[in-house]
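Worksheet for the structure shown next.
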Amino acid sequence: MNRELRRHSYIRPPRLRSPRPAVMSIAVATYTPPPPSWSHQIRVAAAQGHFRNAISLFLQMRASVAPRSSVPASLPSALKSCAALGLSAFGASLHALAIRSGAFTHRLTANALINLYCKSRGLYHSPGREAISSGALEGARKVFDEMLERDVVSWNTLVLGLAEQGRHQEALSLVRKMCNDGFRPDSFTLSSVLPIFAENANVKRGMEVHGFAIRNGSHNDVSVGSSLIDMYANCTRTDYSVKVFESLPVRDPILWNSMVAGFAQNGSVEEALGIFRRMLCAGVRPVPVTFSSLIPAFGNSASLRFGRQLHAYVIHAGFEGDMFISSSLIDMYCKCGEISIARRIFDRMASPDIVSWTAMIMGYALHGPAREALMLFERMELGNAKPNHVTFLAVLTACSHAGLVDKGWKYFNAMSDHYGIVPALEHCAALADLLGRAGELDEAYNFISKMQIKPTASVWSTLLRACRVHKNTMLAEEVAKKIMDLEPRSIGPHVALSNMYSASGRWNEAAHLRKSMRNKGMKKDPACSWIEVKNKLHVFVAHDRSHPWYDRIVNALNVFSEQMAHQGHVPNTEDILQDIEEEQKTYALCGHSEKLAIVFGIISTPPGTTIRVMKNLRVCIDCHTVTKFISKLAEREIVVRDASRFHHFKDGNCSCGDFW
DNA sequence: CTAGGGTTAG
C-alpha cells in the first residue's frame, strides 16, 4: 500500500491475527466474568418492558439457589411487571413474600406495591388476616400508611391511583396532605391531578394548577404540558391550549397529538387539520393515536373528502389493523353517508371490539335499516364483545327509527334484567321517542312521567313532536307547558303552542304567546345546510342570497314547485315559526337552506349524481315532502343528513318512512 | 418504584 495514503488514513487496517503474546491469550481464556446476577437480569428485563421475561426470570431465581439478597433487590421490578401485566393475584403473593423476606421495609418495594394495587382492581394481600382481600385501592392505602419513610413517589403513586379511579376529592386532599408533610408536588403530581379538572371541565381550578406549575418551574415539562393542553381543550378553551403549546421549548409527538385531539374534540376541523399539517412539516411522524383523534372530526362535520384522504394516509402508514382507527373510520363513513364502506371496514376487522360493533350498529340506526342493526347485535352476542350503555343506545335508536315498539321494550327491559346496565336518561329518552313516534302517545306520556330519572325538557320535546305528528292537540298543550316550565327560554314549545292556538281559533292566546316570545327576544337557531360540489363546500343559510348561483337556484326551485302544484302538492307550513301570514309562510319555505342546497346540487352536477346534503337542524316537513318529489322528478338519489338521522330519497320515497 | 395524547354516545 502506498505510504502516503497510510499516513493520512484515520483507520488502521484491520489485523487478522491477534498480536498478543501466547501467554496473554491463555490468561484471557481462563478468565470467566461473573454471570449477571438474577436481580440485575430481572431489573433489565422490566426496564426494557419485557415483563413476561422479568416474571419468568424471577420464578427461575426462586427455584434456584440464589443469595438471600436477591429477593429484595428484584422485588420492585417484579412488582412493576405484575402491575403492567395485570397479575394481581401473583402480585399479592409477592406482597406476602416481601413481608417474609423483610423487603417490605424498603422504600422502592413499598412504592412498587402501592403502584401494583393502584393498577389492579382486585385482590390485595392483607397480612393481619392472612388472607387475600378485595378492593385493591384499600391495599395501596394500607401499604402507604404503614410505610416508615415515604418519598415523593409514594405520594404521587397514590394520588394517581385515586385520581384514575374517579376518587377525585380523595386525590386532591392527598395532595394537600403531601404539602403539609413537606413534599412539594412535582411534574408527576401535576400531570396526575390535571385530568381531574379536565374531566370536570373546571378551568378555574385547572388554571390554578397551571399557575402552580409556572411557579414550580414544571410548566415546561412535556407531560404537564400535554395535560394542560388536554385540560383546556376539555374546557372548550383551545385558545389556552394553543398558548401552552406555543410556549413549550421542546415538543414531543404526544404534545402534537394532544393538540390534534383537542381541536378535533371541539369540532374545530380546520384547526385540527392545520396542526396535523404542521406536525408533518416539523418532521414528526404521526402515530395511530393521531389518526384516531383526528378522524372523528370528519364524521361529525361530514367532510367525506378529508375523511377519505386520511383513510388513504392510514393505509399508507400501515395502521389499518389498529382497532381505534378502524372504529373511527367506521363511524366517520357512517356519518358521511357511506354506510357500505363502513361495513366493508367492519367486515375486514379480525376481532372487532365493543366500540367497533357499536359504531356499526349506530350507523345502521342512523340510516334506517333496523333489521341489519339488530342482526349485528345478535351476532355480536355470539362473540365475546359485551354490550355497554352506548350499544343499547344504538339498538334503541335503531328500534325508534324503524318503529319497532316490541323490540324496543324487549331490549330496554333486557338491559337491567340480563346485562346489569341501569338505563340512563338517554335510554329512557330513546324509548319515549320510540313510543311517541309509533303513535302510542299515552303510553309514552306515562312512561316519561314514571321515569326513575327526572325527565329533561329534551325528553318531553320528543313527545311534543310526536303529538304534532299524530295531531293530539290536548296532550301537546300539556307537554308544551311542561317544557316551558323546565326551559322557559326554549322556543319549540312556544311555537307549537301558538300554532295550536291559531289552528283552533284561540286567537287571543296565540297573540299573547307570540308577544311574550318577542319580549323575551326568542329566536330560532339559524338553520344551515351544506353540500360539497367539485371539492368545494357550499354553505346555505336560510334566505341567504349571497350564493353566486342564488337566482338560478330559485328559478329551478320554482320549476319544481310548479310541477308539484300541478300534482296537487300544497305547501306545508307547520314548521314555519314566524308570526306571519300564510302566503308569506309559503314564501319563507322556499328559502329553507336544505332546499337551496339540494337544488344547487342538482343544477351543478351531471345527471344521475347522488346529492349529499347535510343540515344542522332537523329537516322540515315541507322540505321533506318537496325533496321526495324532487328525487322523482329529477331522477336523483338524494342523501340528507339532518340533526338526528339520514334520509335517503329515491323515486319519491324516503328511507325514514316519513318519520324523523 | 410514579406522570401526559385515541374509537362508539352526550
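Got a number for residues in the range A:388-407 being at pLDDT 95 or above and either within 15 Å of DNA strand B (Cβ to nearest atom) or among the polar types (S, T, N, Q) (or both)? Of the residues in that region, 12 qualify.
The residues of the range A:634-656 that are over 30 Å from the mean Cα position of the chain (by Cα) and assigned to a loop (DSSP other than H, G, I, E, B), listed by number, are A:634, A:635, A:636, A:637, A:651, A:652.
Taken as a whole, the condition of being in contact with a Cys (Cβ under 8 Å, 6 or more places away or on another chain) and without any contact (Cβ under 8 Å) to a residue 40 or more places away in the chain applies to residue A:202. In the range A:356-377, of all residues being at pLDDT 95 or above and either more than 15 Å from DNA strand B (Cβ to nearest atom) or of a type in the set (D, E, K, R) (or both), the one that is surrounded by the fewest Cβ atoms within 10 Å (Cβ to Cβ) corresponds to A:375.
Among the residues of the range A:119-134, at least one is within 13 Å of DNA strand B (Cβ to nearest atom), in a helix (DSSP H, G or I) and at pLDDT below 95.
Count of the range A:617-633 residues, restricted to those that are of a type in the set (A, V, I, L, M) and within 29 Å of the chain's Cα centre (by Cα), is 2.
May I ask you to verify whether residue A:353 is within 10 Å of DNA strand B (Cβ to nearest atom), under 24 Å from the mean Cα position of the chain (by Cα) and modelled with pLDDT of 95 or more? For residue A:353, the condition - within 10 Å of DNA strand B (Cβ to nearest atom), under 24 Å from the mean Cα position of the chain (by Cα) and modelled with pLDDT of 95 or more - is met.
Restricting the search to the range A:474-507, which residues are at pLDDT 80 or above, under 23 Å from residue A:619 (Cα atoms) and surrounded by fewer than 15 Cβ atoms within 10 Å (Cβ to Cβ)? A:489, the sole residue that qualifies. Which ones in the range A:528-574 are within 29 Å of residue A:495 (Cα to Cα), in contact with a Ser or Thr (Cβ under 8 Å, 6 or more places away or on another chain), hydrophobic (A, V, I, L, M, F, W, C) and at pLDDT 85 or above? Selection gives A:528, A:539, A:540, A:541.
Beta carbons closer than 6 Å, at least 6 apart along the sequence or on distinct chains, pair a first residue in the range A:217-232 that is free of Cβ contacts under 8 Å to residues at least 40 places away in the same chain with a second that is not in a helix (DSSP H, G or I) for A:220/A:249; A:222/A:252; A:224/A:218; A:225/A:248. Of the residues A:498, A:516, A:504, the single one that is touching a Leu at 6+ places or on another chain (Cβ under 9 Å) and either more than 16 Å from DNA strand B (Cβ to nearest atom) or of a type in the set (Ser, Thr, Tyr) (or both) is A:498.
Filtering the range A:139-162 to residues that are part of a helix (DSSP H, G or I), surrounded by fewer than 23 Cβ atoms within 10 Å (Cβ to Cβ) and in contact with a Ser or Thr (Cβ under 9 Å, 6 or more places away or on another chain) leaves A:142, A:144, A:152, A:160. Can you confirm whether residue A:380 is farther than 25 Å from residue A:660 by Cα, modelled with pLDDT of 95 or more and within 15 Å of DNA strand B (Cβ to nearest atom)? Yes; evaluated as a whole, the condition is true for this residue.
The values are calculated or read from the model by the stated rules, or taken from the named source; none is laboratory data. Everything numeric here is computed off the predicted structure, so don't read it as measured data. Neighbour counts run over all protein chains shown; Cβ positions are idealised from the backbone, glycine included.
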